[in-house]
Amino acid sequence: MEQIVFFVLGFVVLASALTVAASKNLVRSIFMFFVTLFALAGLYVFALADFVAITQVVIYVGGVLVLMLFAFMLTNKEVLNNLQQGSKRFISLQKLPALLVAVLFLLILVNAIIKAQPDNLAWIQASAQSGNVISPTDNMVPNIGISLMTRYLLPFEAVSIFLMMALIGAAHLARKEEHKF
Amino acid sequence: MLTYLLLIGAGLFCIGIFIVLSKRNAIQVLIGIELILNAAILNLVAFGKYDKLNNGGQTFALFAIVLAGAAAAVALAIILNVYKQYKTIDPNAVDKLKD
């Protein structure tokens, strides 16, 4: 049962990502991206990272997608023009190099993953033997909070300052200019 | 389970590369970049299962999600500015650094 749900979620992730790549309509691709993000959150739950899954839903679906919809609506006219003159076929000649790069890179990655045999890596075997594996009954949220405030305090502060800089920069870039200089 | 998660991540990464390289709309290119970031986060989370004590994978997955949000905000502000300047968001049409 678990396996079935897992593979269904994986299939939904890949299929909706492919639909994002294939669709000409920008709104449709944004909403298929929404489906991809939700299915990815499901996969995070299967990897026993429930807090990351919730964060994914809150930040991506609540923040990034709304931003994308805003940007889409503010730049609407050009998109409509693009829609009318776009070619009908999925694989046109100008997309061939991109397709080639993506497929060859996928072959390399799959080959590397299968050759590496991640389940038999030394450190994973060691942590499995010493009981350092998260089990489904563990509650990891307190652990994440404690390690954020102790072990990973420096990256946490760095990331928060970076986020503040990025948001101030974005607000500065997006404001209306009164006079050109 | 770990191998399948890594394979799904690899597929997502390559779909993201294809979108970034082939789309002629800056917002769709941004979606491709977000797909690539999500593939990386999926790998972090998948390996993070085997690090219960330090919990490095999940913590850095959270950091990566925050960085992706910041990147999206800045990129969309830049897209709006480019639209004001050029009246288009086709990355091929943007070819000047100053007015």
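Read the figures in this text as sums done on the coordinates, not as results from a lab. What you are looking at is a predicted structure, and each value in this text was computed from that prediction instead of being measured. A quick note on method: Cβ atoms are made from the backbone with ideal geometry, for glycine too, and the neighbour counts reach across all protein chains shown.
Side notes on the structure shown:
- Per residue Cα convex hull volume in Å³ - calculated over segment B:2-86: 58
- Cα lying deepest toward the dipole's positive end in chain A, options A:GLN125, A:ALA41, A:ILE108, charges on Cβ: A:ILE108
- Relative to the longest principal axis of the Cα atoms of chain A, the long axis of helix A:76-85 lies at roughly 80 degrees.
- Computed from Cα atoms, the angle from the helix A:2-22 axis to the main principal axis of chain A rounds to 20 degrees.
- Helix content alone sets the calculated 222 nm mean residue ellipticity of chain A: runs of n ≥ 4 DSSP H residues at -39500 (n - 2.57) each, divided across all residues, give -23000 deg cm²/dmol.
- Computed from the C-beta positions of A:VAL141 and A:ILE161, the FRET efficiency with R₀ = 30 Å rounds to 0.75.
- Peptide B:90-98 shows a mean partner chain C-beta count of 0 within 10 Å per residue C-beta.
- Relative contact order for chain A, counting Cα pairs under 8 Å that sit 6 or more residues apart, in percent: 16
- Positive dipole terminus of the protein assembly as shown, leading residue within A:THR137, A:SER23, A:ALA170 (C-beta point charges): A:SER23
- 0 to 90° range, to nearest 10: angle between helix A:26-46 axis and chain A longest Cα axis: 0
- When the C-alpha to C-alpha distance is required to be over 21 Å, the pairs from A:LYS176/B:LYS23; A:LYS176/B:LYS87; A:LYS95/A:LYS115; A:LYS24/B:LYS98; A:LYS176/B:LYS98; A:LYS95/B:LYS98 that qualify are A:LYS176/B:LYS23; A:LYS95/A:LYS115; A:LYS24/B:LYS98; A:LYS95/B:LYS98.
- Hull volume in cubic angstrom per residue (convex hull over the Cα atoms of the protein assembly as shown): 146
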